[in-house]
Amino acid sequence: MNRLLNYSGIITKVKAMQSNLITKTDFERIANLESISDFITYLKNHKGYHSIFYNMDEHLLHRGQVEGVFINALYRDFSSVYNFANMEQRNALDLTFFRYEINVLKTCIQLVYNKDSDTYDLSTFYTFFEHHSKLNISALAASQSMEEFVDNLKGTEYYSLFNHLQNRDNITSFDYEMQLDIYYFKKMWKLKDKKLKGDNLKVFTHRLGSEIDILNIMWLYRSKRFFNIHTTDSYSYVIPIHYKLKNEQLMKLIEASSIDEFIARLNTTYYKKISSTLLDGTMEIYYQKIMLSIAENNAARYSSSMAPVYAYLLKKQIEIKRLTTALECIRYKLEPEDTLRYVLQ
C-alpha cells in the first residue's frame, strides 16, 4: 500500500504527459504536409509541442534547429518528471540521464570529425545539461580536434577513458563511440545494484540486460557480414556483460567463422527469433519493437514502480525519431504514403 501511494503521483503525471504524444492520426496528417514550415505550424498547434515552438518563426528555422528542438522536448519532459520525483525516483532517473549524456558526447565527437556535419544545434541543450551534468557542452561542441575535445573533458569521469584511447593508433570516431557505449553499459550494470532495489531493480536489469544481449548480437553479425573484422579484434568491441545470452554462447558467436555458422549458433540461444530479422535487414526495426515491448510489459507488470516512467520516456524517444524522419521525408518531397511508411516502421 505504501509503495502504491509512493508512486501514484509520478505515475499520474506520466499518464497526463502521455496524452500529449503524437498519434498515428497526427502522423498521417503530417505525412501530407508539403513544407517544413507547414510541419512546424502543425506542431505549434499540437498540445505536446506548442510550448516549445510557439515563439519560433517556422520560416526561419533550419533542419538542425528543428531536430534540436525535438530532442530538447525529450529533455524537457525528463526534467519535468525529475523535478516532480522523490529521492528514490530520482536515483532511478539518474541512470536514464547517463544515456542522454553519452548521446550528446557522441554527437560532439561527430562534430570534431566532420565539421560540415548536418547535426542538430547543441546550444538548445546547454541549460538542461548545466542542471544535470558536469560536462561543458558548449566547449565540447566547439572543439576543433580530439586533443582539444579530450582536454575539455578534464575534471569529468570521461577524461581517463578518452585520454587512454588517444594513445591508440589510427583511432576513428567509430572507435570512440563504441568505447563510450561499452563504458555506459559497464557502469550502468554495476550502478543499478547500488542505486536501485525491489521492482525498480528488476525492471532496469531486464531492460538493460536485454539491450546488451541484442546489441552484442547485432554488432557481431554486422562485423562478420559487412566489415570482415578479425575474431581477435571483435572482443574489444563486445560489451563484456551477458544476461540471457550466456557467456559461452556469446563466445561461440564471436568465434563463428561464417554467417551460416553464426546463425546456426544463434538459433541455439534464447534469441533465436532474431535470426530472420538479421538476415532480411529489419533488425533495427525489430530491436526498437523489442525494447518497446519490454518497456510496456514491465509497466503493466510493475505498475507501482518506475517502469511506467521508463516506458513513457522510451515512447517519447521513439516519437522524436519519427518526427525527425518525417522532417527528412518532407524536406526531400517524398510521397505521403512513403513518408508514413518510413515514419511508422
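Hey, any idea what the orientation-averaged projected area of the convex hull of the range 1-80's Cα atoms comes to, in nm²? Over all viewing directions, the range 1-80 projects a mean Cα-hull area of 6.2 nm².
Taking the empirical scaling 2.2 N^0.38 Å for compact globular proteins as reference, the range 250-310 has a Cα radius of gyration ratio of 1.46.
Show me the chymotrypsin sites (Phe, Trp or Tyr not before Pro) within the range 132-210 that DSSP assigns to loop and that have at most 16 other Cβ atoms within 10 Å of their Cβ. Passing both the DSSP loop test and the Cβ count: no residue. Placing unit charges on each Cβ (+1 for Lys and Arg, -1 for Asp and Glu) gives the range 196-305 a dipole about its Cα centre, and among Tyr271, Leu196, Gln288 the Cα reaching farthest toward its positive end belongs to Leu196.
Net charge dipole, the chain: roughly 1540 debye, given to the nearest 20, about the Cα centre with Cβ charges of +1 for Lys and Arg and -1 for Asp and Glu.
Extending 7 Å from the Cα toward the beta-carbon at both Asn83 and Ser145 defines two label points whose distance is 4.2 nm. Shown here is the pair-distance distribution of the range 196-305: with all Cα-Cα distances grouped in 10 Å bins from zero up to the longest one, the shares run 13, 44, 29, 11, 2 percent. For the range 62-194, the C-alpha radius of gyration divided by 2.2 N^0.38 Å, with N the number of residues, is 1.08. For the chain, the percent of C-alpha pairs falling in each 10 Å distance bin, counted from 0 to the bin holding the largest distance, reads 5, 22, 30, 30, 13, 1. Exposed loop positions in the chain were taken to be GluC sites (Glu not before Pro) whose DSSP state is not H, G, I, E or B and which have at most 15 other beta-carbon atoms within 10 angstrom. Between these positions, the longest stretch is 158-345. Each label point was placed 7 Å from the Cα along the Cα-to-Cβ direction; for Ser257 and Asp57 their separation is 6.6 nm.
Across the options Ser79, Gly155, Ile137, the greatest Cα extent toward the positive end of the charge dipole of the range 62-194 (unit charges at beta carbon of Lys, Arg, Asp, Glu) belongs to Ser79. In this label model, Ser37 and Glu337 are separated by 3.0 nm, measuring between points 7 Å along each Cα→Cβ vector.
Read-outs throughout are calculated quantities, based only on the coordinates presented, and are distinct from any laboratory measurement. Remember, predicted model here, so these are calculated numbers, not experimental data. With ideal geometry, Cβ positions are generated from the backbone for all residues, glycine too; neighbour counts draw on all protein chains shown.
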